[in-house]
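What follows is a set of notes on a single structure, which appears directly below.
Nothing in this text is a laboratory measurement; each read-out follows from the coordinates by a stated rule. Keep in mind that this is a model prediction, so the values were computed, not measured. FYI the Cβ positions are ideal-geometry reconstructions off the backbone, even for glycines, and counts take in every protein chain you see.
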Amino acid sequence: MRRHAPLWFAAAAIVLLIAAAAFTLRQPAGGEPSLAAPPAAPPIEPAAAEAPPAESVTAQRVATPVRVQIPAIGVDAPIIKLGLDPTGALEVPKKLGDTGWWSGGARPGEAGPAVIAGHVDSKAGPDVFYRLRELRRGDAIIVTGRDGSRVRLTVQRSGSYPKDRFPSHAVYGPTGKPALRLITCSGDFDRSTGHYLDNTVVYAA
């Protein structure tokens, strides 16, 4: 794995861009990080957003996720709920060390792909998903719900993708069973744009 040295980066952010097939870091006015609209929300980037296919969920809705643990890479982090801001963009974790669950999708433990995003780093150094690319098949991911319930998922595979070839269907498409996707930025950092060039996605079930 190629580690990033701590990078200058006015506001590390993660962008879930479905139709444009990119998950892009950008720095909006005011220096706050911003996420492009999730599926079925008004588009923020040039391409039109499309919602992933609808999934049936378990008969009894599982608890809202509040914490994720990934022992293999030393992650034990809070999960905050990500909704939409007034512009229609997806909110991002404002506190470094937090992860964010896209509340418009499945909850971990429900049928369908749940999505948890985390920062890779910031100007202060590595952040919560800095070591995400180290995960291997069989590694455990444990998500704790607000009611104390725990869902254990197992890593199946991972991949790094150029932003213009982000695998939208593989990440957001129907699964028929509980699934989890962990997403962060990766690859080289383009100082001229303030963006990482790639994204890393870990697939678990």
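Going by how many other Cβ atoms sit within 10 Å of their own, how do Arg131, Arg191 line up, fewest first? Please list the in-between numbers first.
Values: Arg131 17, Arg191 10.
Placing the least packed residue first, the sequence is Arg191, Arg131.
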- Message: Could you compute Rg(Cα) / (2.2 N^0.38 Å) for segment 164-205, with N its residue count?
- Response: 1.41
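Against the 2.2 N^0.38 Å scaling, with N counting residues, where does segment 135-176 land? I'd like the Cα-based Rg ratio to two decimal places.
On the way: Rg = 13.6 Å, N = 42, 2.2 N^0.38 = 9.1 Å.
Rounded to two decimals, the normalised Rg is 1.49.
Averaged over all directions, how much area does the convex hull of the C-alpha atoms of segment 113-205 cover when projected, in nm²? Don't skip to the answer; put the middle values down first.
On the way: hull surface 28.0 nm².
Convex hull of Cα atoms, orientation-averaged projection: 7.0 nm².
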- Just rank Phe166, Phe189, Phe129, fewest to most, by other beta-carbon atoms within 10 angstrom. Phe189, Phe166, Phe129
